[in-house]
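Below you'll find the structure, written out as structure tokens, and then a few comments.
The values are calculated or read from the model by the stated rules, or taken from the named source; none is laboratory data. What you see is a predicted model; the values in this text were computed from it and never measured. Here the Cβ positions follow ideal geometry from the backbone for every residue, glycine too, while neighbour counts run over all protein chains shown.
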């Protein structure tokens, strides 16, 4: 399934931040999202994931296809690693969590409570969640924060395997993951504001 | 849906999950009442039904700010919103879990506290019935309030301010059933009204809660 | 002009700039007529109406109590309508009008409650009785407080507009429910002759008809309160529009437009 | 000047006083805030026009 974005303008707190976005994400491809801090990368990912409506423009092929990983991992500290993963697996209607445990080397930690994990281990668990969703388009927001070198490698391998299976990924990151992917720099799409005396509609 | 319910129950029972806090609060409030109004058993018998209803309502209210706020803080709500589960189902399950961990235990211990307050014998049956029928409405309305205030820091006080007026009809009819039952009067009308409110809130309010949650997630 | 065209013309006032220009033009009219009507009605009622045979001179309180009570309810209805318009058509002015109206509703409810309590003191021998109507107004007061508190608590203006609109809709349903519940709970010990002849005024109670001597000044007062309400809503909505624009401009400055 | 209100003088006069004070307070606060916000908007608009 190809994700197609046409003439998209997105807002944060009612103010347009990015405009005129056009791109397509084909199956088997990765797209690396670049741009300075605060430009609206997170907002773009949230808009594509369907958490907020775009101001103008269309998003095609995203419905029920996206697995979204934000800055926070949505883990419950009093549940074990297995329980956390199994919960998300059953919410998304998939059954096996073993591949996810393998891919992120979580087998030894399987019975530990998520609250007792280190920051990097939690992040690995959060990323393992992407595998159990069974969704084809991954959207990751700064996925490598607090990961060490080995873990980054694990993550890159997982993405590569996902792409090989016909999935696709949109990743906002500043690290070179060594992926065969295109780069989308949104810096050029910074929204230009209209004239000051435009008093209508959105107050801007 | 069942997975979500099981997870919420599991979280409530594990350490720090807050199960039992509502119960303890209910117990303490009820025990404090005689200290405030005096120990005459006739007076206590008159107000017992109302005090127990009010105590149960406050105990419900107390646990509302954890209902969605925890899932909001750790990002689980974002993920649930992108999951195949509709948000209407999510808030319904959340309300059900809240009722199972807060409302139902209150219903079960209310008769014991009724003994402490000298509740007249015929009142016990109607107290349990009215709480059993009424507390689900409290959980569902409370979920709506929690969804409204989920994005706010220190939203707890505001949550109470918003939810308490919405609790008025439930409290009036619920306490009326228990009070009339204790006096041996006819209880059918208020009980029907109470059941009507509960049924209508369960059927309709999750849509409002889900809509409000979507707005907050934006 | 056809009806559809007229309806379209009405929506033009949803444009903030047009709303400001128009409201500025008509506001003096509303201020002056409302002040005139209230002054006329109160002076007429206070100085030139006889005492009631049963309630003595306290009947003069009716000229404040009834209009305030009517406006307290009408204000909530207006907020309900503007909230719906915001949710359906996304006109900012509509949401801001609801926000602007809420404090007016609070003051009107407060006037109705305070005059009711002061009136109740000699009539019932107590400042406060849990009379169904008084109780309903107290609950309405709580709803207003919650509504305003929610507006104040939320940072993002559009989110605040959405959430308060939904609260207004849900609150309306529960307010009506509360009204019935309260009626059931205390079957009106004090209804009828002693307090609320408002029912008589609006014609629901033919036996207790308030005689014309009291009715005409009351009508003038009601008209005055309605006009004052309109003036206040227009003025305060203008304020809210400007405040919203300040917020938008500052947000834009931060983004670096 | 004031008509004879009999034994209810206090009641009636307090009602009128309380209501009129409340209404006046509402109007005064509305107008004060209105003026403040209007002035502030003009200030911000001017500043932003100057800075482009």
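In the range A:51-71, what residues are surrounded by fewer than 16 Cβ atoms within 10 Å (Cβ to Cβ) and either facing chain B (nearest Cβ under 7 Å) or without any contact (Cβ under 8 Å) to a residue 24 or more places away in the chain (or both)? Of everything in the range A:51-71, those that are surrounded by fewer than 16 Cβ atoms within 10 Å (Cβ to Cβ) and either facing chain B (nearest Cβ under 7 Å) or without any contact (Cβ under 8 Å) to a residue 24 or more places away in the chain (or both) turn out to be A:53, A:63, A:64. Looking only at residues that are without any contact (Cβ under 8 Å) to a residue 24 or more places away in the chain and closer than 28 Å to residue C:130 by Cβ in the range C:159-173, which one is farthest from the other protein chains (Cβ to nearest Cβ)? Step by step, filter the range C:159-173, then rank; the result is C:173.
Residue-by-condition table, conditions (1) crowded, with 16+ Cβ neighbours inside 10 Å; (2) more than 7 Å from chain C (Cβ to nearest Cβ); (3) assigned to a helix (DSSP H, G or I); (4) over 25 Å from the mean Cα position of the chain (by Cα):
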site: D:26; (1), (2), (3), (4): yes, no, yes, no
site: D:35; (1), (2), (3), (4): no, yes, yes, no
site: D:39; (1), (2), (3), (4): no, yes, yes, no
site: D:42; (1), (2), (3), (4): no, yes, yes, no
site: D:49; (1), (2), (3), (4): no, yes, yes, yes
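Being part of a loop (DSSP other than H, G, I, E, B) and on the phi < 0 side of the Ramachandran plot is the filter here; which residues of the range A:107-158 pass it? Passing the criteria: A:110, A:111, A:112, A:117, A:118, A:135, A:136, A:143, A:144, A:145, A:147, A:148.
List the helices (runs of 4 or more DSSP H) that sit entirely inside the range C:119-208 and contain at least 2 residues that are in contact with a helix residue (DSSP H, G or I) (Cβ under 9 Å, 6 or more places away or on another chain) and at pLDDT 90 or above. Spell out how you get there, then give the answer.
Numbers: elements: C:132-153, C:157-185, C:198-201.
The helices (runs of 4 or more DSSP H) meeting that bar are C:132-153, C:157-185.
Of all residues in the range A:169-178, those that are crowded, with 18+ Cβ neighbours inside 10 Å and assigned to a loop (DSSP other than H, G, I, E, B) total 2. Scanning the range B:84-100 for residues that are buried (at least 22 other Cβ atoms within 10 Å of the Cβ) and modelled with pLDDT under 90 yields nothing.
Of the listed requirements (1) surrounded by fewer than 19 Cβ atoms within 10 Å (Cβ to Cβ); (2) closer than 30 Å to residue A:7 by Cα, residue A:112 misses just one: (2).
Scanning the range A:27-35 for residues that are closer than 27 Å to residue B:77 by Cβ, surrounded by fewer than 19 Cβ atoms within 10 Å (Cβ to Cβ) and away from chain B (no Cβ under 14 Å) turns up nothing. Listed by position, the helices (runs of 4 or more DSSP H) enclosed by the range B:1-97 that each have at least 1 residues that are closer than 28 Å to residue B:217 by Cβ and in contact with a strand residue (DSSP E or B) (Cβ under 9 Å, 6 or more places away or on another chain) are B:76-82. Identify the residue in the range C:143-158 that is facing chain B (nearest Cβ under 7 Å) and within 22 Å of the chain's Cα centre (by Cα) and, among all such residues, is surrounded by the fewest Cβ atoms within 10 Å (Cβ to Cβ). If we take residues in the range C:143-158 being facing chain B (nearest Cβ under 7 Å) and within 22 Å of the chain's Cα centre (by Cα), then C:149 is surrounded by the fewest Cβ atoms within 10 Å (Cβ to Cβ).
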